[in-house]
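Asker: Sharing a structure below in structure tokens format, with a few things to ask.
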Amino acid sequence: MLMTATAPTTVSPETPIAVMQRCELKYILNPTQEALLKQAMEGRMEPDRFGLTTIASLYYDTPDYRLVRASLEKPLFKEKLRLRSYGQATENSPVFLELKRKACDIVYKRRIGTTVEEAARFLHRADRHCVLGQISREISAFLDYYGPLIPTCVILYDRTAYVESEGDLRLTIDAKPRWRADRLDLTCAPEGTPLLPSGCSILELKVQDAIPLWLTRALSDGKIYKTSFSKYGEAYRKLTLQN
């Protein structure tokens with residue numbers, strides 16, 4: 001579940017909902033597959049109260065892209081750091097500094113609410129270890145381990161999240177996934193170069209238990225197969241080809 005309350009104006013102690021643990025399964029949908037899936041969802045799932053939301057994530061990496069290169073090798077454990085906004089950020093709007101780890105197909109997210117300005121201060125100042133909060137300390141340890149990190153890529157997409165009326169299944173469809181390696185600032189317009197062919201989207205299933213039978217059938221009927229697609233990884237591939 002995403003933290004949606006107004007974020008504090010500094011990197012500060014966290015609330016329990018800032019910690020997430022779940023299994024995430026990814027699929028690439030063409031327009032026909034997306035239509036079939038939405039038809040199967042009728043009466044079973046509905047958009048959450050936020051509706052369609054543009055999400056922007058600014059990824060941090062080493063100057064030689066150590067984190068994304070390691071991720072593309074598909075290790076059993078990988079981690080990344082990003083600053084995320086829901087809608088175009090302003091200097092004072094809430095954003096979230098996220099430490100995302102994946103181990104044996106289970107995703108663990110640790111996040112703290114902050115602002116663009118305060119996040120920049122936290123990431124670059126030497127006294128960040130004085131900040132209170134377990135997650136803040138974990139991010140500090142991450143930064144110490146990997147050394148100086150720099151902003152390398154912005155990933156954007158238009159997400160609709162669907163939820164069951166009863167149950168823990170959460171499903172998201174990310175339309176128009178795009179990226180840019182310039183204007184590395186979440187306050188810039190949400191524009192970028194497409195990651196996928198026109199009309200394709202990314203389906204993510206976020207589950208605690210088993211996938212329901214009706215959804216398994218829909219995926220099978222639509223020939224929708226699980227993939228290890230990474231938005232940041234795909235952007236890095238495209239950036240490498242450009243260079």
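Where a number appears in this text, it was derived from the coordinates with a stated rule and is not lab data. Because the structure is predicted, anything quoted here is derived from the model rather than measured. As a convention, Cβ positions derive from the backbone with ideal geometry for all residues, glycine included, and neighbour counts pool all protein chains shown.
Asker: Hey, got a sec? Which trypsin sites (Lys or Arg not before Pro) in the range 199-233 land in a DSSP loop and have at most 14 other Cβ atoms within 10 Å? Working shown, then result.
Answerer: Numbers: sites: LYS206, ARG217, LYS223, LYS226, LYS231; in loops: LYS223.
Passing sites in the range 199-233 are LYS223.
Asker: Also: Please list, by residue number, every one of the trypsin sites (Lys or Arg not before Pro) in the range 137-183 that is coil in DSSP and has at most 15 other beta-carbon atoms within 10 Å. Present the calculation step by step, with values, prior to reporting the outcome.
Answerer: Details: sites: ARG137, ARG159, ARG170, ARG178, ARG180, ARG183; in loops: ARG183.
Listed in order of number, the matching sites are ARG183.
Asker: Using the 10 angstrom Cβ neighbour count as an exposure proxy, how do ARG110, ARG49 rank, fewest first?
Answerer: Values: ARG110 21, ARG49 8.
So the ranking, lowest neighbour count to highest, is ARG49, ARG110.
Asker: Loop by DSSP (not H, G, I, E, B), at most 14 other beta-carbon atoms within 10 Å: where is the longest site-free stretch of the chain for GluC sites (Glu not before Pro)? Could you put the intermediate results ahead of the total?
Answerer: On the way: sites that count: GLU42, GLU73, GLU91, GLU166, GLU191.
The answer is 92-165.
Asker: Between LEU169 and residues 5 or more places away or on another chain, which pairs have amide H atoms under 5 Å apart, with H built 1.01 Å from N, and which residues are they?
Answerer: Close amide H contacts, sequence-distant or interchain: GLU164.
Asker: Among the listed pairs LYS100/LYS231; LYS102/LYS176; LYS26/LYS102, which have their C-alpha atoms separated by more than 23 angstrom in this model? The partial results should precede the final answer.
Answerer: Working: LYS100/LYS231 14 Å; LYS102/LYS176 25 Å; LYS26/LYS102 13 Å.
Too far apart for the 23 Å limit: LYS102/LYS176.
Asker: Just need the Rg to Rh number for the chain, please, alpha carbons only, Kirkwood Rh.
Answerer: Numbers: Rg = 17.9 Å, Rh = 18.8 Å.
A ratio of 0.95.
Asker: Would you mind calculating the gained length between GLU117 and GLN134 on full extension (0.36 nm times residue separation, minus the Cα-Cα distance), in nm to one decimal? Don't skip to the answer; put the middle values down first.
Answerer: On the way: separation 17, 0.36 × 17 = 6.12 nm, distance 2.10 nm.
The GLU117-GLN134 span can extend by a further 4.0 nm.
Asker: What spacing in nm lies between the two simple spin-label points modelled at GLU191 and ARG69, each 7 Å away from Cα in the Cβ direction?
Answerer: With each label point 7 Å from Cα toward Cβ, the separation is 3.2 nm.
Asker: Taking the Cα centre of each part, how many Å lie between the range 100-126 and the range 19-85?
Answerer: 16
Asker: Could you please rank CYS200, CYS104, placing first whichever residue has the fewest other Cβ atoms within 10 Å of its Cβ?
Answerer: Details: CYS200 17, CYS104 7.
So the residues, fewest neighbours to most, are CYS104, CYS200.
Asker: Return the sequence-ordered ³J(HN,Hα) values of the range 235-243 in whole Hz as given by the Karplus equation 6.51 cos²θ - 1.76 cosθ + 1.60 applied to θ = phi - 60°, using x for Gly and Pro.
Answerer: 4, 5, 4, 5, 5, 5, 5, 4, 7
Asker: Against the longest alpha carbon principal axis of the chain, how many degrees, from 0 to 90 and to the nearest 10, is the axis of helix 31-41 turned?
Answerer: Orientation of helix 31-41: about 80 degrees from the principal axis.
Asker: Would you pull out the residues with amide H under 5 Å of VAL107's amide H, same chain only if 5 or more places away, H placed 1.01 Å from N?
Answerer: It is ARG22, CYS23, GLU24, by chain and number.
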